[in-house]
Amino acid sequence: MANTATRLFNLIAYLQRHPNSSASQLAEALDVSARTVQRYIVMLEDMGIPVYAERGAQGGYSLVRGYRMPPLMLSPEEAVAVHLGTGLIEYVWGKLFRGAALSAMTKIENVLPEEQLQEIAWARGNLITQGIPRINPNLDMEQLETLYQAVRQGFQVRILYQGKQQPTPQWRIIEPYVLVYSWGQQYCIAYCRLRQAMRSFRVDRIQAMERLTETFNKPPEFDPAQYLDEHFEGQSSYEVRLFFSAETASVAQDYRCCWESFEERPDGSVVAGFRASDLDTATRRVMCFLPDARVLGPAELKHRIASTSRAIAEQYEPDNAMAR
């Protein structure tokens, strides 16, 4: 819940963007009562913030012309949020934004008041992030930088790409739309001129790259979130469903972050689901939850799990174990 200090900051920012706002408009923007807004206005005046009111049907509250809020008026909570955000950059994008993140945080800390600095120091020692898959160490950072600039400036790129199901790499010309981080991997969502369709390319599978001089315009109707939801990696999506009995439902509960669907049944059992781009990925994820879970579908995944389980069991037969 926002505290009074945060709401005062938000009130100043709102008045900068929307001068001559009525008390009811400010109350709606801040999610408080009109009476509370009037109390906040008095508090701003006591702080020396130049707020004035224009009377009449079209009147409202405004900041004195020319007044601008200092660019780094951060509440303690906002300072901590900035610190936590910059701390995650290296996890997901590596060197691409490491320098910029460190530089930004240094500049911010140089101008923040002591109260905010104390909050950041507290956060460093008490709000720890672990378990996020780090950036793929095999990733060519120069290639990622080239793709970033191509996405930013709208240049076509020629790539030598080794697809997962391809026996040999293939040259393609792409129009890169967005970069995506997912489970420790970077992907480029792009229009492939070879396939005449949208595709997603895992960046570490690009063996060579050349930025071209030809430019492109990303269609304004392109929705990255919708594409990722429906066509990620350009593969048919596997809808995986696992059944956890009442005795093992706690395992599914403990890993709620792994599920895109989660159905709790009256008998205490759980049906959890996720989507995978291929059977190999689905198999690896499902094996983490065996034997606590049973695969409900798809059928091809059930067969793959059965054959994989038999292969694992054979490896640990007494004779085979002694041979190793």
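For this structure, a couple of remarks:
- Within segment 181-222, considering residues that are in contact with a strand residue (DSSP E or B) (Cβ under 7 Å, 6 or more places away or on another chain), free of Cβ contacts under 8 Å to residues at least 40 places away in the same chain and outside any loop (DSSP other than H, G, I, E, B), the one nearest to Leu139 (Cα to Cα): Arg202
- Hits in segment 31-51 - residues which are closer than 14 Å to Tyr67 by Cα and either touching a strand residue (DSSP E or B) at 6+ places or on another chain (Cβ under 8 Å) or of a type in the set (S, T, N, Q) (or both): Leu44, Glu45, Ile49, Pro50, Val51
- Verdict on Tyr238 being exposed (fewer than 14 other Cβ atoms within 10 Å of the Cβ), at pLDDT below 95 and either among the hydroxyl-bearing types (Ser, Thr, Tyr) or under 31 Å from the mean Cα position of the chain (by Cα) (or both): no
- Residue match in segment 166-175 (condition: part of a loop (DSSP other than H, G, I, E, B) and on the phi > 0 side of the Ramachandran plot): no
- Residue in segment 8-28 that is in contact with a Pro (Cβ under 9 Å, 6 or more places away or on another chain) and not assigned by TED's automatic domain parsing to the domain that holds Val203 present: no
- Test: Ser182 is at pLDDT below 95, of a type in the set (S, T, N, Q), surrounded by 12 or more Cβ atoms within 10 Å (Cβ to Cβ) and outside the structural domain of Leu88 (by TED's automatic domain parsing): yes
- Residue tally, condition out of contact with any Leu (no Cβ under 8 Å at 6 or more places or on another chain) and in a helix (DSSP H, G or I), over segment 42-92: 15
- Ile120 farther than 22 Å from Arg211 by Cβ, outside the structural domain of Arg211 (by TED's automatic domain parsing) and not in a loop (DSSP other than H, G, I, E, B): yes
The values are calculated or read from the model by the stated rules, or taken from the named source; none is laboratory data. Given the structure is predicted, the values throughout are model-derived calculations rather than measurements. Positions of Cβ are generated from backbone atoms using ideal geometry, with glycine treated the same way; all protein chains shown enter the neighbour counts.
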